[in-house]
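The values are calculated or read from the model by the stated rules, or taken from the named source; none is laboratory data. Please read these numbers as outputs of a predicted model, since none were measured by experiment. Cβ: placed from backbone, ideal geometry, glycine included. Neighbour counts: every protein chain shown.
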Ligand code: NDP
C-alpha cells in the first residue's frame with residue numbers, strides 16, 4: 001500500500017492544496033509513498049505556527065527541552081532497524097549504512113540533550129566594583145532546515161537537535177528525493193511529545209519551499225546542506241535579511257598516501273572512503289594522491305579491490321555498494337565518466353552503468369577509478385558518485401599542493417607511519433577536518449563538522465558544542481548592584497588613583 005502523506009504543521013498531519021509527487025526506491029523503481037508540493041500559503045501557515053510556538057519553547061528550561069530530546073533518542077533506538085531499512089529503501093545506501101544514519105540521530109540527540117544542562121556562557125570581571133558581567137546564549141527564533149538526500153535522517157537529526165535544544169522551533173524542508181525518511185523522522189519527534197508547532201515539516205520544491213523559507217521575514221536562521229550553487233543562492237538571500245545561516249556544501253576530499261603507508265590499511269580506507277554510500281557523501285574520498293614510489297603498487301591493489309566489491313540491492317546484507325540515488329545522479333556521474341574519457345584520463349577499472357536483470361530497474365554504476373592529471377576536471381570538480389581520481393605526487397610537499405589546489409575544503413586524510421608527515425598534514429591541509437590513518441569519512445557527533453573555502457563559511461560548524469552557534473546569539477549582561485551610577489571608562493580613574 002502506497003501511503004499518501006500530508007504536511008506536518010502545528011503537531012498535526014494536514015492535507016495540502018498542492019500537487020503531489022512520488023518517492024521511489026532507487027534500486028528497484030518501486031513507488032514508496034506520495035507527498036504534497038506545499039504551497040506558499042501553507043508555508044506561511046507553518047511559519048506562523050512556529051513563530052507562535054517560539055514564545056513558549058524559548059521559555060521552557062533547556063534541561064526540560066533536553067528531556068524531550070532524550071525521549072526521542074530512546075524511540076529512535078527502539079525503531080532503529082525499521083528506520084534504517086527505510087533509509088536504505090528510499091536513498092539506496094547499504095543497510096549497514098542505513099542503520100548508521102539512524103544511529104547518528106540517536107548519538108546527536110543524546111549529545112544535544114546534555115547540552116541542555118551545559119550551554120555554558122562566561123562570567124567576566126567588571127572594571128567597576130559591585131558589578132557583574134556575564135554572557136548567555138539566546139535562541140534566535142524559528143529556523144528553516146533545508147536538507148539533502150544523502151543522509152536523510154542524520155542531517156535532519158544534526159540540524160533539528162541543535163535547533164531544539166537551543167530553543168528554536170523549526171520547519172524541515174527535506175530533499176524531494178527522500179521525503180519518506182523525513183516523515184518517519186518527524187513521526188518519532190511527534191511521539192516523543194514536542195509541543196505543537198515546535199516541529200514542522202513541509203515537502204515541496206526547492207524554489208517554492210526552500211526559497212520561501214529563506215526569504216520569510218519570521219524565519220531567523222537557516223541551516224542548509226546541499227550543492228554549492230544552491231548554497232550560494234541561499235547565502236545571498238539570507239544576507240539580505242541578516243539572519244544566521246549555516247552552510248555545508250561540497251567537497252573534493254583527498255587521501256594522501258605516503259611511501260611509508262601501511263598499504264593494507266590504506267586499501268581498506270580508500271574502498272570505504274571512495275565507494276561507501278556509492279561515493280555520495282560530501283566527505284567522500286574522491287582523490288587519492290599517491291607518492292610516486294608506491295604509485296604502481298597502489299594502482300594494482302586498488303583495481304583488484306574495487307573489482308571485488310559486490311554491487312546490488314542495498315537491503316541485502318552482502319551488498320557492498322548500492323545504486324546512486326536518482327536518475328539525475330546517474331546521468332551526472334556518467335557524464336563525468338565521459339568527461340574523464342574525453343580528457344584522456346586513464347581508466348583503471350569500472351566506467352559503466354550496470355545493466356541486465358535486476359540492474360535494469362535501478363541506477364547502478366560500477367566502482368570506477370581513473371588515473372588523472374592534476375589540472376583535469378576529474379581532479380578538481382565534485383562528482384558525488386562512485387568515481388575515484390588517482391593522482392601521482394613527487395613527495396609530501398607536492399601531495400599537499402595538489403590536495404590544496406581545489407575550491408573545496410571539507411575533509412582530508414593522510415596515510416603514513418612517519419609522525420613528521422602526519423603532523424605537517426594536520427597543519428598544512430586546507431580543510432575543516434583532517435584524518436590520520438583513516439579515510440575522509442567518519443565524523444563523530446561530539447566534534448565540530450564543517451569546511452573552509454567554497455565548502456561553506458567558517459563561522460558556523462555543525463555538531464559538537466559549536467552546533468549551538470547556528471541557532472543562538474550571545475547576549476551580554478551587566479548587573480550593577482552598587483546602588484549608584486557607575487560609569488565605565490570614566491569612573492575607573494578614581495579606583496586606580498589615576
Ligand atoms: P541541492 O543543493 O539542489 O538540494 C539540497 C536541498 O536544497 C534540497 O532540499 C533542495 O530541494 C533544496 N533546494 C533546491 N533549490 C533550492 C533553493 N533555490 N532554495 C532553497 N533550497 C533549495 O542538491 P541536490 O540534492 O540536487 O544535489 C546536487 C549536488 O549537490 C550533488 O550532486 C552534490 O554535488 C551536492 N550535494 C552535496 C551534499 C552535501 O552533503 N554537502 C548533499 C547533497 C548534494 P529539492 O530536493 O526539492 O530540490
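General remarks:
- Residue check, residue 454 within 17 Å of the chain's Cα centre (by Cα), in contact (Cβ under 8 Å) with a residue 12 or more places away in the chain and over 29 Å from residue 167 (Cβ atoms): yes
- Filter result for residue 306 (assigned by TED's automatic domain parsing to the domain that holds residue 413, over 30 Å from residue 472 (Cβ atoms) and within 16 Å of the ligand (Cβ to nearest atom)): no
- Check on residue 396, without any contact (Cβ under 8 Å) to a residue 60 or more places away in the chain and within 20 Å of residue 296 (Cβ to Cβ): no
- Condition check for residue 367: within 16 Å of the ligand (Cβ to nearest atom), buried (at least 17 other Cβ atoms within 10 Å of the Cβ) and either farther than 11 Å from residue 289 by Cβ or at pLDDT below 95 (or both): no
- Restricting 407, 394 to residues that are within 16 Å of the ligand (Cβ to nearest atom) and either at positive phi or in contact with a helix residue (DSSP H, G or I) (Cβ under 8 Å, 6 or more places away or on another chain) (or both) narrows the list to 407.
- Filter pass, residue 296 being farther than 15 Å from residue 275 by Cα, away from the ligand (no atom under 16 Å from the Cβ) and in contact with a helix residue (DSSP H, G or I) (Cβ under 6 Å, 6 or more places away or on another chain): no
- Test result for residue 335, out of contact with any helix residue (DSSP H, G or I) (no Cβ under 8 Å at 6 or more places or on another chain) and within 15 Å of the ligand (Cβ to nearest atom): yes
- Looking across the range 389-414, the residues that are surrounded by fewer than 23 Cβ atoms within 10 Å (Cβ to Cβ), in contact with a strand residue (DSSP E or B) (Cβ under 9 Å, 6 or more places away or on another chain) and farther than 18 Å from residue 377 by Cα come down to 394, 395, 396, 398.
- Count of residues meeting criterion [more than 21 Å from the chain's Cα centre (by Cα) and either outside any loop (DSSP other than H, G, I, E, B) or in the same structural domain as residue 101 (by TED's automatic domain parsing) (or both)] in the range 414-435: 12
- Top-ranked residue in the range 125-160 [being within 16 Å of the ligand (Cβ to nearest atom) and assigned to a strand (DSSP E or B); ranked as farthest from the chain's Cα centre (by Cα)]: 143
- Scope the range 204-220; condition free of Cβ contacts under 8 Å to residues at least 40 places away in the same chain and more than 7 Å from the ligand (Cβ to nearest atom); matching residues: 215, 217
- Qualifying residues in the range 275-293 (those that are at negative phi, assigned to a helix (DSSP H, G or I) and buried (at least 21 other Cβ atoms within 10 Å of the Cβ)) - the one nearest to the ligand (Cβ to nearest atom): 276
Residues checked against (1) at pLDDT below 95; (2) over 21 Å from residue 235 (Cβ atoms); (3) in contact with a strand residue (DSSP E or B) (Cβ under 7 Å, 6 or more places away or on another chain):
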site: 137; (1), (2), (3): no, yes, yes
site: 140; (1), (2), (3): no, no, yes
site: 143; (1), (2), (3): no, no, yes
site: 147; (1), (2), (3): no, no, yes
site: 154; (1), (2), (3): no, yes, no
site: 159; (1), (2), (3): no, no, yes
site: 163; (1), (2), (3): no, no, yes
site: 175; (1), (2), (3): no, no, no
site: 182; (1), (2), (3): no, yes, yes
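- Count - residues of the range 249-274 that are more than 16 Å from the ligand (Cβ to nearest atom) and either part of a helix (DSSP H, G or I) or in contact with a strand residue (DSSP E or B) (Cβ under 6 Å, 6 or more places away or on another chain) (or both): 17
- Residue that is within 22 Å of residue 461 (Cα to Cα) and surrounded by fewer than 23 Cβ atoms within 10 Å (Cβ to Cβ), where the choices are 227, 193: 227
- Filtered residue count, the range 221-245, keeping only those that are in contact with a strand residue (DSSP E or B) (Cβ under 8 Å, 6 or more places away or on another chain), more than 8 Å from the ligand (Cβ to nearest atom) and either over 17 Å from residue 170 (Cβ atoms) or not assigned by TED's automatic domain parsing to the domain that holds residue 43 (or both): 2
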